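Structure first, commentary second.
The values are calculated or read from the model by the stated rules, or taken from the named source; none is laboratory data. Remember, it's a predicted structure, so these values are computed and weren't measured experimentally. Using ideal geometry, Cβ is built from the backbone for each residue, glycine included, and neighbour counts are taken over all protein chains shown. Note: accessible area is taken over every heavy atom of the protein model, side chains too, but ligands, DNA and RNA are not part of it. Shrake-Rupley method; radii C 1.70, N 1.55, O 1.52, S 1.80 Å.
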Amino acid sequence: MSSEPLYDELLALAVDVAHAAGDFARDGRETALDVQTKTSSVDVVTVMDTATETLITRAILEARPDDAILGEEGAAVVGTSGVRWVVDPIDGTVNYLYRIPVWAVSIAAELDGRVVAGVVYNPVLRETFTATLGGGARCNGKPIACSTETTLAQTLLATGFGYDSARRGHQGALIAQVLPLVRDIRRFGSAALDLCAIAAGRVDAYFERGLNPWDMAAGELIAREAGGRIEGLNGAPASSELTIAAPIGLFDALHDLLAPLNPAAG
Ligand code: LIP
């Protein structure tokens, strides 16, 4: 538990809603899968993404009618309470489409612009990652921590690729230069779960260009509370330009490897 009762209260609501939404999306996968495209022909949204976001929005507003909501599939509710929810109903939609069990519901609660509670729920593996600001990170209620790796050559590095073809070309060329210098690369397909993988020490580090607030809001808090350092280039906050996440003792080495490779281009 964190020292702030409000953070715990927001987390409890986030977890309840994430569980209901994730179970709904998992159980509805086989019956309702109308697929449409968004920013490119490979950036998909299913009818379940939108239905799940609607479920989340309704449940949050029922419990806290004065809060604001920002959602991947278009939710944009203005509030007056100082709390804003940042929601990705299905992070890893391509995995969801292909029945790869690596997708999650991600819900973060911001208080006056700062994320104070977050949950990432994988309904297929039944894993619930949670954190509150200052309260530590957990998976299914048990405390988790980032790896203690400090050496790039031993680093298992996760990353992700954008939906735009030109950007992917640049990302592919960059990764070709990084791969010989690390233990290996993983591309799981859900940024929220990548950040939770850092938090649980399942990978040592992660970087990606092009993340949206809903991809990273909850996972960033979870990874930070597990002992990670999450930033962009040269001390900038993590953003859609670039997100680098690594244990504190590994961050600088990874940052300095990536920086000259122009990771925020393309
Ligand atoms: C996706 C991510 C994925 C990333 C994609 C995209 P979606 O989110 O989580 O790992 O590489 O660029 O942002 O579209 O499945 O919610």
Checklist outcome for this item: When the range 162-180 is checked residue by residue, the ones that are within 16 Å of the ligand (Cβ to nearest atom) and either among the polar types (S, T, N, Q) or open to solvent by 60 Å² or more (accessible area, probe 1.4 Å) (or both) are 163, 164, 165, 166, 168, 171
Next on the checklist: Please pick out the residue among 107, 60 that is assigned to a helix (DSSP H, G or I), more than 9 Å from the ligand (Cβ to nearest atom) and open to solvent by less than 60 Å² (accessible area, probe 1.4 Å).
Outcome noted: 60
Item to check | Among residues of the range 125-184, those that are in a loop (DSSP other than H, G, I, E, B) and within 30 Å of residue 10 (Cα to Cα), counted | outcome: 12
Checklist entry - From the residues in the range 204-227 that are closer than 13 Å to residue 244 by Cα and open to solvent by less than 10 Å² (accessible area, probe 1.4 Å), which one is nearest to the chain's Cα centre (by Cα)? => result 219
Next on the checklist: So, in the range 116-127, how many residues would count as being under 19 Å from residue 144 (Cα atoms) and open to solvent by 10 Å² or more (accessible area, probe 1.4 Å)?
Outcome noted: 4
Checklist entry - Taking the range 247-262 only, how many residues are without any contact (Cβ under 8 Å) to a residue 60 or more places away in the chain and buried (at least 19 other Cβ atoms within 10 Å of the Cβ)? => result 1
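If you go through the range 140-161 one residue at a time, how many are away from the ligand (no atom under 16 Å from the Cβ) and within 27 Å of residue 182 (Cα to Cα)? Lay out the reasoning, then the answer.
Within the range 140-161, the subset away from the ligand (no atom under 16 Å from the Cβ) is 140-156.
Going one step further and asking which of them are within 27 Å of residue 182 (Cα to Cα), we end up with 144-156.
Total meeting the criteria: 13.
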